[in-house]
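All of the numbers you see were taken from the coordinates with simple rules; none came from a lab. Note that this is a predicted model, so its numbers are computed, not measured. Reconstructed Cβ throughout: ideal geometry from the backbone, glycine too, with neighbour counts over all protein chains shown.
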Amino acid sequence: MKLVVDANALWAVLSVVALVAWLEPTAAGLVWTPMQAATVAGFAGLQWAALRAAAR
């Protein structure tokens, strides 16, 4: 399960990096990409918290 959390966190970070570094998105993409990255990062945070709680 930790692999899923790590993949989600990495995906969120790389989405923002790609947006800044090399993508040339439309106006919708400029809004959608950070929102989607924040959502995935939120899920990763919840998954991480659940894993910590389960380990106790």
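Apart from one condition, E24 fits all of (1) in a helix (DSSP H, G or I); (2) of a type outside the set (G, A, S); (3) loosely packed, with under 12 Cβ neighbours inside 10 Å; the exception is (1).
The C-beta contact set for segment 24-51 (first residue under 22 Å from V4 (Cβ atoms) and free of Cβ contacts under 8 Å to residues at least 24 places away in the same chain, second residue surrounded by 12 or more Cβ atoms within 10 Å (Cβ to Cβ) and of a type in the set (A, V, I, L, M), distance under 6 angstrom, 6+ apart or interchain) comprises T33/L19.
Go through segment 27-36 and count every residue that is within 12 Å of the chain's Cα centre (by Cα) and loosely packed, with under 13 Cβ neighbours inside 10 Å. Number satisfying all stated conditions: 1.
Of the residues examined, T39 is not one that is surrounded by 14 or more Cβ atoms within 10 Å (Cβ to Cβ), part of a helix (DSSP H, G or I) and at negative phi.
Each residue in segment 1-14 was checked for being touching a Leu at 6+ places or on another chain (Cβ under 9 Å) and either without any contact (Cβ under 8 Å) to a residue 24 or more places away in the chain or not hydrophobic (A, V, I, L, M, F, W, C) (or both), and 1 of them qualify. Yes or no: V17 β-branched (V, I, T), surrounded by 13 or more Cβ atoms within 10 Å (Cβ to Cβ) and assigned to a helix (DSSP H, G or I)? Judged against the criteria, V17 is not a match.
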